[in-house]
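Below you'll find the structure, written out as structure tokens, and then a few comments.
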Amino acid sequence: MSRIRFTAANGLSGFLDFLSKQGFTVLAPVEKPATAKPSVVFEPWNKGDPVNLAKATVSPKKAVLPECETLFSFSKKRSPADLNQFELALDARPEAAPVAIFGCRPCDAAGFPALDMPYLSGLYADPYYKAKREGMLIITLTCDTGCETCFCHWVGGGPTSPKGSDILMTAIEGGYVLQAITEKGQEMLEKSGLEDGAEKFAAAEAVRKNAWASLVPAPNLSRAPEALKAVFNNTDFWIKWTSKCLSCGACTYFCPTCYCFNITDEGSPQGPKGGRRLRSWDNCMSSLYTREASGHNPRPEKYQRMRNRVSHKFWTFFENWGSYLCSGCGRCITNCPVCLDIRAIVLAAIAEAGNADTRDAGK
């Protein structure tokens, strides 16, 4: 069977309706009005809802890592047989409904394999993340051009990269070509009833080729891990590059690959409704993030927190997993209120480490 299908532009709603009938909750990008400028966010789609296929303001990361989720609920009560004993009830079932993410971009899709590494491939797989991930279908729209804040091709991706996608969709004249990347994607396309798109695939390839041609050549980041290691204790370097940071955390909250979280308990086990344990997004740029119960904070200065964030993405994560913890979406740049650019920091670290090597060689 062909792995390529085609739909006219007005057929997308029918395809989304098909996915809904397959039992998926469809998350699609929709436009939200705002005071300054509209935003595009992923929300559950219902038949008849409009879809905005512009690059979303936020990534669909919350499909596997909600902003706040209940890990388990708990309660306890005295045993009627022995009032000195308590009966503890715990509900920790990691349940998740199947979700289809529609219309994300390659940099968004690449975020999921990055998150899989710590959540699924470590010593222990996270059951809550795993339940959501196993039920996911990811349908990605390729980009038709690069933009000045995107740098997916710096970190091994690209405007048409299939990494993390089950179905790769490309806009051509008259509609969309859908290409199955995984077996799950092929199964959905075969069931969809969409027409065979093999004859239109050449047009999709031409669009993809033009997208790559629009990109500015990527610098070589192969020295980034060792360079960041070399400048880690260079306080002057980090203060210089972090001086204008507001520690607002926008860079982390908009990131498809950041996964810091906090754990809190809410309620009382002996209360009428019991209690629950929550996992919520956290922000490593916040001064509260590493503050200990004693009041001591091992990273009290913002330069130390930025150093940790950049080093984790381009050094220590690479050391542990063999890839960068960055998909190059550029949201940390476009949403930074002071225009701090992580690319500039990494390139400056590489240059600084190279200068240090030159100075050492001249001694």
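The values are calculated or read from the model by the stated rules, or taken from the named source; none is laboratory data. Nothing here was measured: the structure is a model prediction, and the numbers come from that model. Neighbour counts run over all protein chains shown; Cβ positions are idealised from the backbone, glycine included. With ligands, DNA and RNA removed, areas are computed over all heavy atoms of the protein, side chains included. Shrake-Rupley method; radii C 1.70, N 1.55, O 1.52, S 1.80 Å.
Could you point to the residue in Phe112, Leu12, Ala96 farthest towards the positive end of the range 1-160's charge dipole, with +1 and -1 charges on the Cβ of Lys/Arg and Asp/Glu respectively?
The listed residue farthest towards the positive side: Leu12.
List the pairs from Lys32/Lys62; Lys132/Lys191; Lys61/Lys130 whose alpha-carbon separation is above 19 Å, in the order I gave them.
In this structure, Lys132/Lys191 exceed 19 Å between Cα atoms.
In the range 167-216, what GluC sites (Glu not before Pro) fall in a loop by DSSP, with at most 12 other Cβ atoms inside 10 Å?
Sites meeting the loop and neighbour criteria: Glu173.
Among the GluC sites (Glu not before Pro) in the range 41-101, which ones are in a DSSP loop with at most 16 other Cβ atoms within 10 Å of the Cβ? Mind listing them? Could the numbers behind the result be given before it?
Numbers: sites: Glu67, Glu69, Glu87, Glu95; in loops: Glu67, Glu95.
Of the GluC sites (Glu not before Pro), the ones in loops of the range 41-101 whose Cβ has at most 16 other Cβ atoms within 10 Å are Glu67, Glu95.
Efficiency by 1/(1 + (r/R0)^6): what FRET value for Ala54 and Glu226, r their Cβ-Cβ distance, R0 = 35 Å, to the nearest 0.05?
0.40
How much net charge surrounds Asp236 when only the other residues with a Cβ under 14 Å from the Cβ of Asp236 are counted, with Lys and Arg +1 and Asp and Glu -1?
0
Which of the GluC sites (Glu not before Pro) found in the range 287-350 are in a DSSP loop and have at most 13 neighbouring Cβ atoms, other than their own, within 10 Å?
Glu292
If I model a spin label at Cys248 and Ser214 as a point 7 Å from the Cα along the Cα→Cβ vector, what separation in nanometres do I get?
2.7
Could you check the spin-label model distance between Glu67 and Ala206? Points 7 Å from the Cα along Cα→Cβ, value in nm.
For the pair Glu67/Ala206, the computed spacing is 4.4 nm.
Only helices at least 27 Å long along their axis, Cα-based, and averaging -0.5 or more on Kyte-Doolittle count here, so list those DSSP H runs from the chain.
Values: long enough: 342-361 (29 Å, 0.50).
TM-like helix candidates: 342-361.
For Thr25, Thr170, what's the largest-to-smallest order of accessible area, 1.4 Å probe?
Result, largest first: Thr25, Thr170.
How high is the FRET efficiency between Lys273 and Asp17 when r is their beta carbon distance and R₀ equals 41 Å, given to the nearest 0.05?
That pair, Lys273 with Asp17, gives E of 0.60.
Stretch Thr145-Ala81 to full length: gain in nm at 0.36 nm per residue minus the Cα-Cα span?
Additional length available on full extension: 16.0 nm.
Pairs of Cα atoms under 8 Å, at least six residues apart: use those to get the relative contact order of the range 84-190, whole percent. Display every interim value, and only then the final one.
Details: 151 pairs, mean separation 29.5, N = 107.
About 28 percent, as a whole number.
Which of Ala351, Ala227, Ala293 moves most in a GNM of the chain, Cα contacts under 10 Å?
Between Ala351, Ala227, Ala293, it is Ala293 that shows the largest mean-square fluctuation.
Using helices alone, I'd like the mean residue ellipticity at 222 nm for the chain: each DSSP H run of four-plus residues gives -39500 (n - 2.57), total over residue count, nearest 500. Write out the running numbers ahead of the final one.
Values: 12 runs with 115 residues, N = 363.
The per-residue figure over the chain is -9000 deg cm²/dmol.
Can you tell me the accessible area per residue over the chain, all protein chains present, probe 1.4 angstrom, in square angstrom?
I get 50 Å² per residue for this part.
Can you pull the accessible area of Lys163 for me, 1.4 Å probe, Å² to the nearest 10?
The accessible area of Lys163 comes to roughly 100 Å².
Who wins for biggest fluctuation among Ser73, Ser323, Ser268 in a Gaussian network model of the chain, springs between alpha carbons below 10 Å?
Largest GNM mean-square fluctuation: Ser268.
Classify the range 206-316 as rounded, prolate or oblate from the Cα gyration tensor: take a ≥ b ≥ c as the square roots of its eigenvalues, call it rounded if a/c is under 1.5, otherwise prolate when a/b beats b/c and oblate if not. Walk me through the numbers before you get to the answer.
Values: a/c = 3.05, a/b = 1.51, b/c = 2.03.
Cα axes put the range 206-316 in the oblate bin.
Using +1 at the C-beta of Lys and Arg and -1 at the C-beta of Asp and Glu, which of Val51, Ile263, Phe237 has the Cα lying farthest in the positive direction of the dipole of the chain?
Phe237
Using only alpha carbon pairs under 8 Å that are at least six residues apart, calculate the relative contact order of the range 243-286 and give it in whole percent.
45
Hey, how many Å between the Cα centroid of the range 287-323 and the Cα centroid of the range 252-270?
For the range 287-323 versus the range 252-270, the Cα centre distance is 17 Å.
In nm, what is the difference between 0.36 nm times the number of residues separating Phe261 and Ser2 and their Cα-Cα distance?
Value of the extension gain: 89.0 nm.
Pulled fully out, how much extra length does the chain show between Glu183 and Arg291, if you take 0.36 nm times their separation in residues and subtract their Cα-Cα distance?
Values: separation 108, 0.36 × 108 = 38.88 nm, distance 4.56 nm.
Extra length from Glu183 to Arg291 when fully extended: 34.3 nm.
In nm, to one decimal, how far is the Ala36 label point from the Ala92 one, both placed 7 Å along Cα→Cβ?
According to this spin-label approximation, the distance is 4.2 nm.
Counting pairs of alpha carbon atoms under 8 Å apart in space and at least six apart in sequence, what relative contact order in percent does the range 236-363 give?
Values: 137 pairs, mean separation 33.8, N = 128.
About 26 percent, as a whole number.
Based on the alpha-carbon gyration tensor of the range 165-231 and its eigenvalue square roots a ≥ b ≥ c, which shape applies: rounded if a/c is under 1.5, prolate if not and a/b is larger than b/c, or oblate?
The shape class here is oblate.
By its C-alpha gyration tensor, with a ≥ b ≥ c as the square roots of the eigenvalues, how is the range 286-335 shaped: rounded for a/c under 1.5, else prolate for a/b larger than b/c, else oblate?
oblate
Could you check which residue among Ser13, Ser192, Ser75 shows the biggest mean-square fluctuation in a GNM of the chain with a 10 Å Cα cutoff?
Top of the fluctuation ranking is Ser75.
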